[in-house]
Every structure is written in C-alpha cells, then in structure tokens.
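Some notes on the structure that comes next.
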Amino acid sequence: MTQQFYKYIVVGAGLAGASAIEGIRERDPEGSILLLGAEKHPPYHRPPLSKGLWPKKGEDRSKLSDLFILNKDYFLTNKIHWKFATHAISLDREKKTLTDNFSNTYHYHKLLLTTGGTPRMLDIPGGNIPALSYFRTLDDFTKLFKEAQHGKNAVVVGGGLLGCELAEALTAKGLEVTMLFPEATLCAKIFPDEVGRSLLQRFRSRGIHICSEDRPVSFEQKDDHILTRTFSDRELLADIAVVAAGISPEDSLGKSAGLQASHGYDVNEFGQTSDPDIYAAGDCCNFPSATLSKRLRVEHWESAKEQGKQIGRNIAMPSSEALAQPLEKEPYTHLSAFSTNLGGISFEGVGDLDIHLETIAEWDIEYEKGILYFLSEGKIRGVISCNLPHKMAWARELIKTQTPLRYLGVSSSLESA
Ligand SMILES: Cc1cc2nc3c(=O)[nH]c(=O)nc-3n(C[C@H](O)[C@H](O)[C@H](O)COP(=O)(O)OP(=O)(O)OC[C@H]3O[C@@H](n4cnc5c(N)ncnc54)[C@H](O)[C@@H]3O)c2cc1C
C-alpha cells in the first residue's frame with residue numbers, strides 16, 4: 001500500500017488519456033503525472049480492432065505494433081508514471097485522493113477522467129456466459145480473432161456501425177455470418193431508410209444472412225457452440241456469437257463521488273466537471289457544442305484525440321517561475337468526424353447526425369456516391385459523404401456557418417472540395 005502525490009492524475013489509458021498527457025506536457029514539461037489504466041496494455045487505437053486487423057481481399061493487414069499510441073520510451077523520456085491493469089475504484093473529493101484496487105492511495109492536484117465506455121451487456125438469460133463475446137478491447141479482439149481461426153459460422157448481434165464492421169470482418173475471414181438486430185435496416189440510427197436498405201442489400205449480396213426486426217432472447221452454450229434464441233422463434237446455432245449493442249459511458253467512479261453525470265460526466269466547454277479540480281474528456285463525457293447549440297457525447301476517435309489534448313492543455317499549470325503570465329483555458333470547439341467502410345462504400349460523417357432531422361441526399365451514383373445532408377429549418381446541421389473522400393473540412397464549414405441547403409446549387413456539393 002503506497003501513498004503518493006501527483007500534480008496530475010489521468011484515469012483511463014485510452015486515446016483521450018494518452019492525448020491528454022501530450023496536452024499537459026506541451027504546457028508543463030515537469031509537473032508529475034500518473035496515468036492509471038484498467039487494461040493491461042498501454043494506450044492503443046481501437047478502430048483497427050474491427051477494420052485493419054481483419055483485412056479484406058487485396059488489403060494489407062495492420063500491424064499490431066502500430067496500434068499503440070505512446071510507448072515506454074515516451075513515458076520514460078517525458079517522466080510519466082504509469083500503472084496498467086489497475087482500476088481506480090474510489091475518489092475522495094474532499095481529500096483529493098484516489099484509491100486503486102491494490103489499496104494504493106494517490107493525491108492529485110488536478111484529476112482528469114478519460115474512462116471511455118463499456119459495452120452494453122444484454123440483460124437476458126445467458127447474456128453473460130463466457131463464450132459470448134462483447135467487443136471493445138484489444139483482448140476482445142484477440143479472443144474473437146482466435147475463435148475465428150477455427151470457427152465456421154458466427155452470429156453478430158447489432159446492426160450499427162460496429163456490428164456491420166464485425167460482420168464484414170468475420171466474412172472476410174471466411175466465416176458464414178448471420179446478423180441479428182431489432183431495426184428494419186442497417187445503421188438505422190444515422191442512415192435514412194433507403195440508404196440503410198441499400199446497404200443491407202449489399203451485405204446480403206456478400207453472403208451475410210440478415211435477421212432484421214428481431215432480437216436475441218437468450219444465449220446458451222451447447223458443446224462448442226452457442227445457441228441464440230430470438231424473439232421471432234429463430235434458433236441460431238453458431239461457433240461464435242458476438243454482441244455489438246453500443247456502449248454506456250463509464251462514469252461510475254465520479255458519479256459515486258457525487259460528480260454530475262447525466263449520460264457521461266457533464267462538463268463545460270473547458271472540460272471541467274461539477275468539481276473545478278476534476279475534468280473529463282472522450283467517450284465518458286458530454287459537453288456543450290457552441291456550433292450545434294446542444295450538448296454532445298460523441299464516440300469518435302477524432303474527438304477522443306482532439307478533446308483529450310485540449311483538456312490536457314487546460315489542466316496544465318506550469319510552475320509560476322516558468323510563466324510570464326497565467327495560461328488561458330481554451331474552450332473545446334472542434335466538430336469531430338468519423339469514417340468507416342461498409343459494403344465497399346467509404347462513409348465519413350460530421351455534425352448532428354440525428355436521424356430525426358430532415359435528410360436530403362444528392363447522389364452522383366444512387367446510394368453509392370453522394371452526400372447526405374441533415375437539416376433543421378433548412379440549415380445544414382450534419383453531413384455524411386459516401387465514396388467522396390476529403391469532404392469533412394468543407395462540411396464543417398457549412399455546419400458552422402449554418403448554411404441553408406438551398407444556397408448550395410444541386411450537385412455543387414458533389415464537385416466542391
Ligand atoms: C472496435 C472499435 C472500432 C472503432 N472504430 C472507430 C472509427 O472507425 N472511427 C471513430 O471515429 N471511432 C471509432 N471507434 C470509437 C473510438 O475508438 C472511441 O471513441 C475512442 O477510442 C474513445 O477513446 P477514450 O479514450 O475516450 O475511451 P476508451 O478508448 O474507452 O478508453 C478508456 C480507458 O479507460 C479505462 N478505464 C475505465 N475505467 C477505469 C478506471 N476506473 N480505472 C482505470 N482505468 C479505467 C478503460 O479500461 C479504457 O482502457 C471505435 C471503437 C471501437 C471499440
């Protein structure tokens with residue numbers, strides 16, 4: 001049992017945590033930093049876990065070593081203390097201490113929570129049997145990849161972005177895949193009906209079986225197989241069953257210490273929680289977006305990187321001798337984008353992609369190459385590009401300037417860079 005003082009403690013060794021450390025070090029080269037991470041690995045990128053590490057025909061496989069964000073040399077050179085495979089389990093805001101699962105207590109001056117999210121478990125019989133996979137971490141990838149080496153067929157539960165990526169990844173690995181999801185179309189939370197349906201046809205044409213408008217009601221281990229029973233009385237027996245049913249923001253540590261958290265930690269534009277010495281960034285928080293005039297909680301790689309770095313810079317307080325004048329906090333204003341490739345189409349999206357908004361599409365090739373606009377009162381709030389790369393900077397500008405769609409000539413969007 002140890003007790004130590006750190007100027008900065010970052011809890012959560014994902015992308016937001018790693019970027020925060022870079023942000024702190026930009027402004028304060030000396031202040032002591034501890035990075036606490038529950039996983040046994042140093043911070044790594046998650047997107048390749050469902051993409052580049054499962055190459056499709058003609059693609060090179062990403063290297064596992066390229067996954068890692070900060071290596072041991074960086075930690076040593078920049079004087080970062082780290083503890084992996086270690087959970088922060090309690091927070092005392094009065095004493096400004098944190099305790100881990102080995103009963104070590106750490107004092108902080110500023111605390112940054114970058115605890116990400118945890119896969120939503122299915123609360124149904126068999127929803128927690130060890131053979132069933134939930135997918136978030138490098139260890140989850142290793143388990144699924146190993147199973148896929150020997151498996152012949154798989155059930156993928158969930159028709160969102162991750163479910164689609166996993167279905168394609170397992171198909172590329174040679175497995176016969178069945179997708180099971182409650183919606184009528186794929187990625188129904190962000191794609192309008194006709195785009196989701198067209199994608200669904202593409203998945204079918206690639207040999208993926210689709211069980212839409214249905215959901216699992218139980219899982220059962222049957223020898224080396226998993227039996228998935230569904231609401232519509234289907235019985236799907238497969239070597240592998242993997243669930244991609246979204247994540248819940250991991251805000252339990254701060255919540256139990258009384259931090260305000262409505263769906264993830266509620267932070268202001270500087271990343272500050274309801275406790276002025278505690279900040280949060282990445283998937284675990286929701287923040288005000290001045291551009292969209294609403295609070296956002298985004299699960300984007302780019303957001304974890306940009307917000308993590310910005311909030312790291314905001315908590316940095318170099319020693320007074322090193323400062324000519326106090327450092328200003330800067331608000332986090334970036335509109336992050338995501339990208340994926342599904343059914344042979346690359347998609348990039350930015351802004352308010354709420355399917356309840358009005359959507360208008362401009363197609364160069366129907367459902368294959370074009371732009372989807374998400375509108376409110378005729379003004380552009382969000383954009384998804386399909387097979388049109390490098391549109392996100394342009395799209396951000398349209399959203400920021402609240403451009404009415406009618407000011408863009410039809411097909412001008414398809415031409416402009
Ligand atoms: C398979 C996959 C593919 C993805 N693909 C894309 C993509 O293509 N494009 C895109 O924009 N986004 C993608 N995302 C989302 C993106 O990766 C996340 O938004 C991003 O990783 C979030 O980073 P984070 O640091 O906020 O959280 P996380 O990456 O979840 O990191 C949080 C870390 O905190 C740790 N932790 C939690 N609680 C504690 C505690 N009490 N003590 C210590 N440690 C703790 C967790 O174990 C975890 O390691 C993908 C995500 C996954 C899972």
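Read-outs: derived from the displayed coordinates by stated rules, not from any lab. A quick note: this is a predicted structure, and the numbers were derived from the prediction, not measured. Cβ coordinates were reconstructed from backbone atoms using ideal geometry, including for glycine residues, and neighbour counts include every protein chain displayed.
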Name the pairs whose Cβ atoms lie under 6 Å apart, with the first residue in the stretch 140-165 and free of Cβ contacts under 8 Å to residues at least 60 places away in the same chain, the second assigned to a helix (DSSP H, G or I) and within 15 Å of the ligand (Cβ to nearest atom), and 6 or more positions between them or separate chains?
-> none
How many residues of the stretch 72-120 are basic (Lys, Arg), surrounded by fewer than 15 Cβ atoms within 10 Å (Cβ to Cβ) and in a loop (DSSP other than H, G, I, E, B)? The answer is 3
Note on Leu296: of the conditions (1) closer than 18 Å to Glu22 by Cα; (2) free of Cβ contacts under 8 Å to residues at least 12 places away in the same chain, unmet is (1)
Starting from the stretch 216-244, keep only residues that are in contact (Cβ under 8 Å) with a residue 60 or more places away in the chain, then list their pairs with residues that are surrounded by 14 or more Cβ atoms within 10 Å (Cβ to Cβ) and among the basic types (Lys, Arg) whose Cβ atoms are within a distance under 9 Å, requiring at least 6 positions of separation or different chains.
-> Pro216/Arg229; Val217/Arg229; Ser218/Arg229; Phe219/Arg229; Glu220/Arg229; Thr228/Arg234; Leu236/Arg229; Val243/Arg120
Of the residues in the stretch 292-322, those that are outside any helix (DSSP H, G or I) and among the small types (Gly, Ala, Ser) come to Ser293, Ala316, Ser319
Do we find that Lys189 is of a type in the set (Lys, Arg), within 13 Å of Ser50 (Cβ to Cβ) and within 16 Å of the ligand (Cβ to nearest atom) in this structure?
-> no
Among the residues of the stretch 5-27, is any without any contact (Cβ under 8 Å) to a residue 60 or more places away in the chain and assigned to a strand (DSSP E or B)?
-> no
Scanning the stretch 1-47 for residues that are closer than 19 Å to Asp73 by Cβ, charged (D, E, K, R) and surrounded by 19 or more Cβ atoms within 10 Å (Cβ to Cβ) gives Arg25
Scan of the stretch 31-71 for residues that are more than 10 Å from the ligand (Cβ to nearest atom), part of a loop (DSSP other than H, G, I, E, B), under 17 Å from Lys309 (Cα atoms) and in contact (Cβ under 8 Å) with a residue 60 or more places away in the chain, ordered by number | Gly31
